[in-house]
Structures are given as C-alpha cells and as structure tokens.
1. From the backbone phi of region 331-345, what are the Karplus-calculated ³J(HN,Hα) couplings (6.51 cos²θ - 1.76 cosθ + 1.60, θ = phi - 60°) in whole Hz, Gly and Pro given as x?
2. In whole percent, and with a 1.4 Å probe on the protein chains, what portion of the accessible area of region 793-906 is carbon and sulfur?
3. Determine the gain in length on full extension of the stretch Ser244-Lys51; use 0.36 nm per residue of separation and subtract their C-alpha separation, reporting nm with one decimal.
4. Could you do me a favour and compute the accessible area per residue for region 474-549, 1.4 Å probe, result in Å²?
5. Treat each spin label as a single point 7 Å out from the Cα along the C-beta direction, and report the Glu185 to Asp851 distance in nm.
6. No solvent, one uniform scatterer per C-alpha: report log10 I(q)/I(0) for region 758-885 via the Debye equation at q = 0.13, 0.17, 0.18 1/Å, two decimals.
7. Which residues does a label at Tyr879 reach in region 840-860, if reach means a backbone N under 11 Å from a point 7 Å past the Cα toward the Cβ?
8. With N set to the number of residues, divide the alpha-carbon radius of gyration of region 473-600 by 2.2 N^0.38 Å and report two decimals.
Amino acid sequence: MDITSPTKPPRGVKNSKETSGLLMAVIRTLSTSESNEQRDLERAKLEREYKKCDQRLNELVSIHKQDLEQVMQLFIQMSTMITNTRDKLRCIKEMLIACKTLLSCRRDELKKLWFEGVEHKHVLQLLNEIEELKEVPSKLAHFLANKDYLNGTKILVLALNAGDGDLEGVEALNELKTELQVKKEKLHEMLLWEISNIVYLEPVKTLDCSSNNQIITREKFRWRQKILDSSSISNSFEKSSSVSYDIELRMLVECLGLLNKLNESIESIKSKMQDEILNVVNLVSKAVAANSGNNHPLIKLLEMLIDQLRKIAVRFKSLLNAFGEVSKKCQVTLSPVNGSDIWNTIQNVLQLLLTDYLDIQNTANDPTPTPGYPDQAADISTFFARRRIQRPRKFPLFKFEYSSNVNFLSKEQQAAVALSENKQRGKVLICPPEPFNITIVYKTLQKFIEEIESSLSLPSGKSCTLNTFVNDYVKDAFIGREHTRISMKIETATKSTNAWRAPITPNEVSQVGLLKPILQSTYQVSNALKELETLLDSLPRHKIEVLEILVNLIKNFVETCSAAYRGIIQPEPEDKRLCSAAWLKDEDISRFLKSLPNWIDLQAQKSFYHSARPLKREDTTEEESPEDVRQRNIKEAEILASNLGEGGIGPHEIISDPSQLKCLAQLQESMEWFAFRVLQINVNIKKRIHESQNEPNNLNKYLSLLSNLSEEFEDLASTCLLVLHLEIRVQCFHYLLPRGFVSGKTKDNSHDPDPRVLDLSRVLVSVDEALSPSLQPRKCKYIFEGLGHLIAKILMSSAQYLEKIDESAIHKMCRNIFTLQQTLSNITMTREVALDHARRYFQLFFMTQEDILNQVLEKGPEFSELEYINALQLINRTYNDQEDPSVAQKYLQRLSDILGEVGVTV
C-alpha cells in the first residue's frame, strides 16, 4: 500500500494567537469584575470564542483528514517495528550469554589457537611483502616508462626500507636487495640526466641541429634504456609532457630527496655545469652550420646561443628553488649554491668560445710584423730627385724568424688547419678563428653582459668577469694589433717606390665618384682608415682609444704628405728652393693671390665632395666682367714682374720635368679629397654624438683635432695649386725674360720664332698634357688663365732691354707672339687678346716717333705711359746714331703733355 507522507504546513503561515493569552485575560476580567452582569458578559464572550474554536478545529480536521490518517498509519508501523527489534535484541543477548558460558569451558585451547592464528597471519604478511618486493623491478620499470618518477621512487624507497626491516635476515632476498640498490643508483643517475635534459637540452630541442644531433639523442635514449634494462622505456621519450618544466623539476628533486641524494646531486650538477653548457654550444654550432643564412654565422651563433643561455639560467633558477623547497621539507642542509654559479659558468664558457673564435692564444704570440719595403724609401725626397736613383740592394725572399709549419701557409690554409685542429679536439667552429671577429660580436656581447651584471646585482662600478675579459682583450690586444697592422699598411702604401706617382685605376675613380684620379697611396690610406672607422661603430665603448689612433695616423700622414711636397719643390738637399715656392712663401704674394676673385671663385666651386660644408658668403664673389678679368690679370702680371726685379730665373729654380708637375697636381687632388675624407669622419662622429646620449664628453677634443687636420690638408692642397699657378709663370720669366732674348737686329731674314719661344711653347704644351689628366678643368683654367697677359707683359717690357731694333726683328717678335698665342689658345680654347695687344705694341716700331705721338693724340693712348716711353726710347736708339738726349727728351715731354690731356689707359 502506497502511503503518501503528510505535507508540512507552509513556513509563512501563522495561526492567530487564540490560546492561553485569551484565557488569562478572561481570568483577570472575572477576578476584577464587580457585578454578575459583567461576569455574564465575559462568559458569553468566552462561549462564543469556544464555539469559533470548535468550528475552526472541525474545518481543519476536514481539510487535513487524509494527512492525519497517514500519520497515524506510519506511527502504528514504527511502533510495531520497534517492538519487534526489542524482541530480537533480547534473544541475541540471551544467545551471547549462552556462548560465553560455553567458551569459558575451553579457554586454554582457544588461546592456543588464537596465538597460532596470529603467527600464521604474520607469516602470511611477510610472504605478501616478499611477493611485493619481487614485483618492485617490474613496477619500477612501468612507472619510469610512463615518466612517473615520483611513484617509482616511492616504491623503490619503500622496498629498500622493507628489506632493511623484518626481512633483513632473509638470505633469499640478498640478491634482490643488491639489484634494488643498483636500481637506486641508476635511478639517481637517470634523475640527474632528466634534470640536465630539462635545464640544458630542452631549450635546444627547438633548433634544427641536423642528423648529428639526432644521433646524439638516440645514443642518450639507448643509455637510458640500458640503465633500466627495460625495452618499454624507450617509448616514453617520444611522449610530450603536459606539465611545465618547473613542476617537472620540483618532482625530480623530490625524488632525489626521497633517495636521500640532495647534497650529492647538487654537487654533481655543479661539477657538470660547464660540460653541459659546452655541449649546448656544440649543438647550437651544429644548428648554425646546418642552416646558413644571410647574416654572419658567428653573430647568428651568438644570438642563438645567448637565447638558449637565458632559458638555461631561468630553468637553473627554478631548479635551485626546487632544491630549496625539498630540503626544507626533508630537513636537509644543502651545500652552498646560488644563482650566480650558472652565470659564472656561462661567462667561463663564453670566454672559452671567444678564445677559440678570436684566436687569442695564437695572436698573443704573433711577432710584430715588419714592413715589406726597403729602407731607402724612408726619404720621400729621393722619389723626386733629378739624379739617378740607386738600385736598392736585394733583400732575402724569406726570413725564418718566428717560423712554424703554419707560418708558410696562406691565410685560407691557416684557417683550414685551425678548423681541422678544433674538429680533432671535438669542437665545432662555424667560421675560421680571426681576431677581427670581436667587431662582429662585440655589441651583442655587451647587451648580454648587461643582462649578466643585472642578474648578478653587481655594485656600481664593478664589472663581471666576461666584461673584463672582453674589454681587456679589445683594449690591450686587439686595438694595439689593429694599430700596428693599419700603420704598416699606411707605411707600405706611402713608402713604396711609386707611392707619389701611381694614380688609382679608372674603375676606382668611378667607384669613389671622383672627377680626376688621386694617388693610389692616398686611396690606400683612406681605405686603411675606413677599417678604423668601422671600429667606432663596432666597438662603441672604445671610441677614445680608436680616435686616438685615428688622429695620430692622420697627423703622421699630414707630415708624410708635407715631406712629399717638399720632395717635389726641393728634390735635392743641395739645390735651392724653387722660385715658385719661394714666391709663395712671400706673405704679400700669397695674400694677394688668395685675395683675387679667380682664387675665391675656385674655392667656392669645389667639387661635389665638399658639399658637406656649406659655402660662406665671403667664399663667393659676383661674376667678373671681361674688363674686370683683364684688369685683374694685368695687376697680377705687374705684381709678379715687379717681384722678380732685375734678376733672372736660373734652370735650377724651375721644375723642368713635366712629370714632377704631374706629381704635384696629383698630390693637390689627393690632398683636397683627403681633406674631405677627414671632414667626413668628423661629421660622422658628430652624428653619432647627436644620436647617442651615452657618448663620452671628451670626444669634442678629437672633433677639434680632426677639423684642424682637415684644414691642414686643404692648406697643403691650396699650396700645391698655387705653386703650379706660379710655376708656369716662373717658367715664362725663365724663357722670355733673360737679356739678349732678342738682339734687336738679326743677321738673317728668317721669320721663324726664337728658339726660347719654341722651348716655352713646348713646355706649355707638355705642362698641359701633364696636368689635364690629373687636375680638374676648373683648376687647369686657374693655372693657365691670365698667362697671356703675363707673357704680353714680359715681351712688351723686354723693349727696354733692346739696344736697337729693325724690321726683321719686329717681324720675328710678332712671330714669337703669334706662336705663343696659338699655343695658349689651343690650351685655354679662347683667343688670348692680351697677345694681340702685345703684337700691336711691337707694330709701333714700324712707325716713327712723330707718328706714334700723333696716333696717341688722335685715337687716345692704347698702352701705358711706361710702355710708350720704352718704345720712343728704343726707336730713338735705333734711328738716332748720335743718341742726342735732347731729342729723346723732346718726344718724351710731348708724350707727357699729350697723355696729360687725354688721360692714360692702363
């Protein structure tokens, strides 16, 4: 019969208070009432209330009739069950009392049986333990195959503890106990291998280390399989762990704690740290060697290696944390170890790596290189001497000082030998050892060194060992070696036989973007300095040392170039200085030449490589008019002619060899270009200072020095150009000025030019042929511009030195002028009108003194008063045999009167 349990009334429903409260109120009313009427009223009221209660009760009973019936039925059932249970308990109690009575009758027998049962139970327990011990190796293999090292360690430790307890005397278990001890030691090794794998090898697994790495990994798999003597273990290595490495390390260290191997393990880990990291270096090297890219393999190796070392340091820190937690749990005092140990080991490994790739050991023992040029080349002036240069004595082809088998090999062969030797020692080198490799890795190393020093929390001003190692090597070994090497390159370039004659090739001219070739020696010096410039970027912490070397080398080159200039203008010690160089030493002449508009325009129109320096307003002039050019050239000719005075120019005072002039021109182009190169270096350093806020403050000192050196090269270039400008004019004086150049009267009627004029014409052509390939057109123009005015001035002034002149001499002089005019026109590609002016001057000698004065009176003066005076005096000497001074004075006075009226044209 399905009995539905009664429902409980809702909790929110509350019955009205119609209980004892009302009754007490009635009692109080009755006790305090004074009349029966009042009591009757209360009684009637009470009756009405009772009726309401009866009525309410009847309603509730009718509503909850079914629930009441169910409650009654349940109560009856429970009452019946309780009664039955009491009866059963009473029966059991009676039976127990009966059993106790029966047992007391056989107490001794039961006690004996109880003892036997306990003994058999203990024996059965020992047998079970023995069975469990026999299954420990298989269970251990199963746990380890699934990398469940913690449970495996626990059952192994429990088995060992059980063997040392009640089962210690069981001889049959001795072999099993020995096996378990071996398993314990091998498990310890395996745990250490797993820790090493997580800390050192797991980060490297992302690298593609080629088949060699796979072979190494398989060998390790076989080793782990051999440790546990289980064929199923190898499959576990293919499974990927779902837990992070720090949880794995915590679990492995806990296993070591259970084995009571914490201190022994941490000592083993510390002793193998360097070997493990060296193994990582080899693995990364193989990965880089197997995957060549665009970057230098060494920088790629270092970047990949640093990334792995960061991961290793983080994992090693997690390992130390795990050791610390487990040691507290096991209450074991650990050997002293901290996070700095891994960073110190990393620094040691990187030092070993750098020692191999920088070839530090071999470099330190290398002898100082000796120059490969004869000692006779030390005096630069011998290159330009006019006497025959003695043949240098022969030097032995080979020297055997400091020699070894490797010294006879080429650089590539030495690199191959070094790689082979490293391979035999088990090292993997991805590029040949070379000291210059420091420039490739320096910046990357410095960034990592900053990380190391931050991790070690070093005090301010103290550097880590790797930082000290790298910077000491750069400062004490590498920079000094580079200084020696580059100095030798510069010295070899500047002291070779053709150092100041051989230009660069046309291909090099186009590569550099030049208009004219420069000296090969200057180009080689520039390339050598470029190697130092690269060190400014690649070795940012050693800018001062590099700049010191750079400035000193440039200073030495200034002195060398100045010596080369002196060798040209004074090729032999016993010779006097060239007249052009002596003139240039005159401050008045030098200042005058540099103040002329053509010189100022020449400086303002420097070729494109001077665009780095903006032109100043004083560097430029307005365009000259033809009359301004004429007046300027006349003024220059007069200044030079007045400086010469009455003396002549000897053969030893000019440069008679055009090749010497070519050397001077090449030196000028080279010095001007090199001045810009120094300026470029200066600008690049300023740019680095602007871009970086960490540059040392004393760099400004070197900026000032470089700026001064650039000006020195520019000054030397200007000096060379001015010497060329003056030299060609000095040669005009040399060939045209000597007295007796024109005798005045010729013995024959030949109209051929004078031999000295022909010599000068040939010199001008040869000079043009020598300078045109070596100097820019604007400079050649500066050298030859105004030369016609000077020649005209010299020829016209020669009239004062002639005793007499005839018609044949006049024609000869006009022929001389025409020859020189034709030569200059072919050079300058313009008609030299100044020589037309000179020719018209000599045509005056066809006229009489009277005709000349009439022409001046009618047309005005075409020549200066001095030139008219010289002409009148020469005509007077030629046609007035008595040479009456009064006659000449009369014409001169008339000339003065006429010029005073019409004015003098200069």
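1. 6, 10, 8, 7, 5, x, 7, 8, x, 5, 4, 5, 5, 5, 5
2. 49
3. 61.3 nm
4. The answer is 41 Å² per residue.
5. 13.5
6. Scattering profile of region 758-885, log10 relative to I(0): -0.60, -0.89, -0.96.
7. 845-853, by backbone N distance to the label point.
8. Its radius of gyration relative to the 2.2 N^0.38 Å reference: 1.35.
The values are calculated or read from the model by the stated rules, or taken from the named source; none is laboratory data. Predicted model, so just to flag it, every value in this text is computed and none were measured. Using ideal geometry, Cβ is built from the backbone for each residue, glycine included, and neighbour counts are taken over all protein chains shown. Just the protein is used for accessible areas: all its heavy atoms, side chains included, with ligands, DNA and RNA removed. Shrake-Rupley method; radii C 1.70, N 1.55, O 1.52, S 1.80 Å.
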